[in-house]
Amino acid sequence: METKNYSKIYRIIHWSIAITFMLLLLTIFLRLTWMNKNSVADIMQEYLTENDVNLERDQLVVLAKKIRQPMWIWHIYFGYVLTGLFLLRFMLPIFGEMKFQNPVKKGLSLKERFQKWTYLLFYVFVAGSLFTGLMIKFGPESLEHTMEEIHELSIYYLTAFLILHWGGVLLAELTDQKGIVSRIISGGKGE
């Protein structure tokens, strides 16, 4: 397999997208675990009960949502950043950078075809997530619930993609593409 070197713009876009995804995943993870509205409400209930203060469960959930609101504001900001990065990523092929993956190109091995289909599906799913996120924020209120349901599915494709990506990078590093990790960090020879 041919050794690929990565340009500076390629590396900047790659790592910017990766970091933004990790930050988005962090906000999702916190929402589903420690910052879950019911968990936070339970913690507040326990504290208030110890201090002879009573609030209704609905009031505690509203308070819990207010506590985690700043985290969701960051989730929205990261979504805007990712939208900008993806628009930039799809404009770069015009300038000869970060070419599009073509899974139907003749002469590809099964492994290369699988990689290219994986990236193509990833881009389609990300575009769908960005679209639904923007529709939640700016679209008609009548579609908000449907868009939220679709948008919440992002956790599944993103987790699956990260596992496939990291597994593929590890496999490549241990087999026919030694140095791939250092090249995506430093760019490789000639830079």
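Among the residues of the range 29-53, those that are within 16 Å of residue 66 (Cα to Cα) and in a helix (DSSP H, G or I) comprise 30, 31, 32, 37, 38, 39, 40, 41, 42, 43, 44, 45.
The rows are residues; the columns are (1) in contact with a Leu (Cβ under 9 Å, 6 or more places away or on another chain); (2) surrounded by 14 or more Cβ atoms within 10 Å (Cβ to Cβ); (3) in contact (Cβ under 8 Å) with a residue 40 or more places away in the chain; (4) assigned to a helix (DSSP H, G or I).
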{"residue": "116", "(1), (2), (3), (4)": "yes, yes, no, yes"}
{"residue": "120", "(1), (2), (3), (4)": "no, yes, no, yes"}
{"residue": "143", "(1), (2), (3), (4)": "no, no, no, yes"}
{"residue": "150", "(1), (2), (3), (4)": "no, yes, no, yes"}
{"residue": "163", "(1), (2), (3), (4)": "no, no, no, yes"}
{"residue": "168", "(1), (2), (3), (4)": "no, yes, yes, yes"}
{"residue": "172", "(1), (2), (3), (4)": "no, yes, no, yes"}
{"residue": "176", "(1), (2), (3), (4)": "no, no, yes, no"}
{"residue": "183", "(1), (2), (3), (4)": "no, yes, yes, yes"}
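Can you say whether residue 134 is assigned to a helix (DSSP H, G or I), within 30 Å of residue 171 (Cβ to Cβ) and in contact (Cβ under 8 Å) with a residue 24 or more places away in the chain, as far as the supplied structure shows? No: the conditions fail for residue 134.
For residues that are assigned to a helix (DSSP H, G or I) and over 10 Å from the mean Cα position of the chain (by Cα), tally how many sit in the range 5-27. Show your work before the answer.
Let us first name the residues in the range 5-27 that are assigned to a helix (DSSP H, G or I), namely 8-27.
The next check asks that each one be over 10 Å from the mean Cα position of the chain (by Cα); those that pass are 8-16, 27.
Adding up the residues that qualify gives 10.
Quick check, is residue 112 more than 26 Å from residue 84 (Cβ to Cβ) and at pLDDT below 90? Spelling it out, residue 112 is indeed more than 26 Å from residue 84 (Cβ to Cβ) and at pLDDT below 90.
The values are calculated or read from the model by the stated rules, or taken from the named source; none is laboratory data. Source: prediction; values computed, not measured. Reconstructed Cβ throughout: ideal geometry from the backbone, glycine too, with neighbour counts over all protein chains shown.
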